[in-house]
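For reference, the structure is listed below as structure tokens.
The values are calculated or read from the model by the stated rules, or taken from the named source; none is laboratory data. Nothing here was measured: the structure is a model prediction, and the numbers come from that model. Note: ideal-geometry Cβ built from the backbone for every residue, glycine included; neighbour counts use all protein chains shown.
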Amino acid sequence: MGAPDADGAPVSDGASDSHADGDTDGDPGTVRVWLVERTYSDDEQNMVILVYATPDGTRYFRKERALTSFTDVRDTTAAIEVEPGNLGAVEDPDRRDRYATEASRMSADHDPDDVV
């Protein structure tokens, strides 16, 4: 786990993330979060930032990935399972609504282990 981001939430380095493995019930010690945002970093070359959020938009998980080459294949799934302590709070009401809307759309359109 990396240093906290600007909102104080932990940032994953991608090395030890717990992904949903097709089990629709998920791990009982984790929270399912849905992909709500994918951006490319302006200040870091070859960096993609993935944001996953709970269906109500109140909590999020941010994951940063370095894209080292075109042959570097790491699937991005519609949802992942995250330990509750690794989730940050979404304080901004507009962002919370946007995350809730997108998480609802993703959960309606995709299975958790769908590659998106």
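Every residue in the stretch 91-103 that is within 13 Å of PRO55 (Cα to Cα) and touching a residue at least 60 places away in the same chain (Cβ under 8 Å), please. Once the filter is applied, which keeps residues that are within 13 Å of PRO55 (Cα to Cα) and touching a residue at least 60 places away in the same chain (Cβ under 8 Å), the stretch 91-103 yields ARG98, TYR99, GLU102, ALA103. Restricting the stretch 39-54 to residues that are surrounded by fewer than 16 Cβ atoms within 10 Å (Cβ to Cβ) and either over 21 Å from TYR99 (Cβ atoms) or not small (Gly, Ala, Ser) (or both), the residue that is nearest to the chain's Cα centre (by Cα) is THR39. Under the condition of being under 13 Å from the mean Cα position of the chain (by Cα) and surrounded by 12 or more Cβ atoms within 10 Å (Cβ to Cβ), the residues counted in the stretch 60-88 number 17. Please work out if PRO112 is under 24 Å from PRO28 (Cβ atoms), loosely packed, with under 15 Cβ neighbours inside 10 Å and in contact with a strand residue (DSSP E or B) (Cβ under 7 Å, 6 or more places away or on another chain). For PRO112, the condition - under 24 Å from PRO28 (Cβ atoms), loosely packed, with under 15 Cβ neighbours inside 10 Å and in contact with a strand residue (DSSP E or B) (Cβ under 7 Å, 6 or more places away or on another chain) - is not met. In the stretch 34-44 there is at least one residue that is of a type in the set (Gly, Ala, Ser), farther than 14 Å from PRO84 by Cβ, assigned to a loop (DSSP other than H, G, I, E, B) and modelled with pLDDT of 50 or more.
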